[in-house]
């Protein structure tokens with residue numbers, strides 16, 4: 001990922017928080033024919049491992065060999081930035097549109113898991129993470145065991161051993177303080193939820 005110095009996110013806690021908040025990403029590998037394959041998957045990132053599962057009917061997992069390199073792309077809030085947001089537009093007019101966003105790239109090697117015990121643990125961890133904010137969190141054990149056993153037969157697990165982590169936040173850091181304030185105000189004024197999320201990220 002191309003990361004200019006002023007857009008680099010190097011704080012591990014901040015990177016992990018973004019990934020946990022988004023909760024899913026695009027798993028990208030190269031297939032046997034040399035063309036890329038991609039599947040969006042919910043994820044759990046624990047220590048140096050990313051734990052995933054996908055439908056057994058999805059042909060993507062069959063194209064993955066043991067230890068194959070892979071890229072997981074997790075994207076946070078993103079928004080179009082109009083030149084009209086910049087106060088400097090009125091001063092000199094030398095402004096152009098851009099796109100603000102946050103992203104994390106996790107690169108590593110994959111292992112395929114079909115063991116029911118591994119799958120049950122992965123699904124349990126994923127469920128607990130996403131249900132944590134619920135007033136009445138659902139747990140895998142709430143469903144009949146025989147039903148869960150059948151559901152587990154329909155999925156395959158993937159585990160990525162993470163070798164490289166790259167974080168990027170392109171949030172108008174290269175603009176003046178006045179222009180950044182203008183972008184935040186412009187995004188908030190749009191009324192779009194994702195624009196507001198980018199404005200919040202810029203505020204932080």
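The values are calculated or read from the model by the stated rules, or taken from the named source; none is laboratory data. Computed from a predicted model, the values in this text were never measured in an experiment. Here the Cβ is made from the backbone with ideal geometry for all residues, glycine too, and neighbour counts use every protein chain on show.
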Scope region 30-49; condition in contact with a helix residue (DSSP H, G or I) (Cβ under 9 Å, 6 or more places away or on another chain), touching a residue at least 24 places away in the same chain (Cβ under 8 Å) and under 21 Å from residue 119 (Cα atoms); matching residues: 42, 43, 44, 45, 46
Considering region 1-39, residues that are assigned to a helix (DSSP H, G or I) and touching a strand residue (DSSP E or B) at 6+ places or on another chain (Cβ under 6 Å), and then whichever is nearest to residue 160 (Cα to Cα), we arrive at 19
Counted residues in region 175-204 being assigned to a loop (DSSP other than H, G, I, E, B), under 24 Å from the mean Cα position of the chain (by Cα) and closer than 24 Å to residue 8 by Cβ come to 1
Quick one: count up the residues across region 131-160 that are under 19 Å from the mean Cα position of the chain (by Cα) and crowded, with 16+ Cβ neighbours inside 10 Å. 4
From 81, 104, 95, which residue is modelled with pLDDT under 95, touching a helix residue (DSSP H, G or I) at 6+ places or on another chain (Cβ under 7 Å), within 29 Å of residue 181 (Cα to Cα) and surrounded by 14 or more Cβ atoms within 10 Å (Cβ to Cβ)? 95
Before we move on, is residue 54 farther than 14 Å from residue 104 by Cβ and in contact (Cβ under 8 Å) with a residue 12 or more places away in the chain? yes
May I ask you to verify whether residue 123 is modelled with pLDDT of 95 or more, farther than 24 Å from residue 26 by Cα and surrounded by 13 or more Cβ atoms within 10 Å (Cβ to Cβ)? no
